[in-house]
Amino acid sequence: MLVAPSMLASDFSHLADELKKITDGGADFVHLDVMDGAFVPNISFGAPVIAAMRPHTTLPFDVHLMIQHPKRYIADFVAAGADIISFHVECADDPDEVIAEILTHGAHPAMVIKPKTPAELIFPYLDKLYLVLIMTVEPGFGGQSFMSGPLLKARQLKEKNPSVLIEADGGINAQTVLECARAGVDVCVAGTGVFKAEDPAAAIRQLQSAGC
Ligand code: DX5
Ligand code: ZN
């Protein structure tokens, strides 16, 4: 299992130290939750903060856009250092246009589905995607309880495109990661599960060993 610690649960007053902690701890990606206060009822951080984090790690930046109109901000996020950009199928833009914009700027396109959104909505775009992110909580806040129902979408998506990476996000810890691994998830996001752990490096290693 690949592990993408979510910076949303880190100490924002020490971002460089927090990045070093997960880089030295062997994380695979850095998950960056961008919230606009419109698509979700919470505001987090945007491209300038991501750009400030970029020099402090060589890990790929996995940017999760929880924003209403992602297309107009893609260039900014790629310039800030995003490697993977995921946007919600439920956003207000045409997914084909957002994917094209991400590809034009040289990042990997990814799409996200909320817990109650059917996987079928992603099918038309699946062949163009590097990764699909399945939400296992309602987007907007860290520290919520994991829901296992959405994981059924992992197999549906893999059947249609066996090479797409499947990522799960929300409430993932040493216990719930086992369900993710059984469901065929390749990458797990963990905010609370890594940054609030007594030993974040050990927490990363434990999550990585799920399904091996
Ligand atoms: C929720 C975010 C998640 C969140 C995960 O909207 O997309 O990435 O930070 O946090 P935990 O692991 O604490 O549920
Ligand atoms: Zn996220």
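Points to keep in mind about this one:
- Once the 1.4 Å probe is applied to the protein heavy atoms, segment 1-93 comes out at 38 Å² accessible per residue.
- Were the residues from Phe123 through Arg72 laid out at 0.36 nm apart, the gain over their Cα-Cα distance would be 16.0 nm.
- CD proxy at 222 nm, helix term only [per DSSP H run n ≥ 4: -39500 (n - 2.57); per residue of the chain; nearest 500]: -8000 deg cm²/dmol
- Largest mean-square fluctuation among Pro55, Pro109, Pro70, in a Gaussian network model of the chain whose springs join Cα atoms under 10 Å apart, belongs to Pro55.
- Cα convex hull volume per residue for segment 1-47 (Å³): 89 Å³
- With kT/(6 pi eta Rh) evaluated at 20 °C and eta = 1.002 mPa s, and Rh the Kirkwood radius from Cα pairs, segment 102-212 diffuses with a coefficient of 149 µm²/s according to Stokes-Einstein.
- Thr136 long-range amide H proximity, modeled H, under 5 Å: Asp169, Gly170
- With N counted as the residues of segment 60-137, its alpha-carbon radius of gyration over 2.2 N^0.38 Å works out to 0.98.
- Dipole magnitude of the chain, debye to nearest 20 (Cβ charges: Lys/Arg +1, Asp/Glu -1, about Cα centre): 340 debye
- Among Cys188, Cys91, Cys180, the largest mean-square fluctuation in a Gaussian network model of the chain (Cα springs under 10 Å) belongs to Cys91.
- Measuring nothing but protein heavy atoms, the accessible surface of segment 1-144 at 1.4 Å probe radius is 55 percent carbon and sulfur.
- For Val112, the amide hydrogen comes within under 5 Å of the amide hydrogens of Phe87, His88, Val89, Leu133, counting only partners 5 or more places away or on other chains and with H modelled in the peptide plane.
- Three-way shape label, segment 150-212, alpha-carbon gyration tensor, a/c 1.5: prolate
- The Cα atoms of segment 1-152 define a convex hull whose projected area, averaged across directions, is 8.7 nm².
- The string of couplings for segment 32-40 from the Karplus curve (6.51, -1.76, 1.60, θ = phi - 60°) is 10, 8, 9, 10, 9, x, 10, 5, 10 Hz, one whole number per residue in order, with x for Gly and Pro.
- Placing unit charges on each Cβ (+1 for Lys and Arg, -1 for Asp and Glu) gives the chain a dipole about its Cα centre, and among Thr104, Ile84, Leu2 the Cα reaching farthest toward its positive end belongs to Leu2.
- Selection from Gly191, Ser145, Thr176, by position along the positive dipole direction of segment 137-207 (Cβ): Thr176
- Computed over the chain with a Gaussian network model linking Cα atoms closer than 10 Å, the most mobile of Glu18, Glu120, Glu167 is Glu120.
The values are calculated or read from the model by the stated rules, or taken from the named source; none is laboratory data. This one's a predicted model, so the numbers in the text were calculated from it and none came from an experiment. With ideal geometry, Cβ positions are generated from the backbone for all residues, glycine too; neighbour counts draw on all protein chains shown. Surface areas here come from the heavy atoms of the whole protein model, side chains and all, with no ligands, DNA or RNA. Shrake-Rupley method; radii C 1.70, N 1.55, O 1.52, S 1.80 Å.
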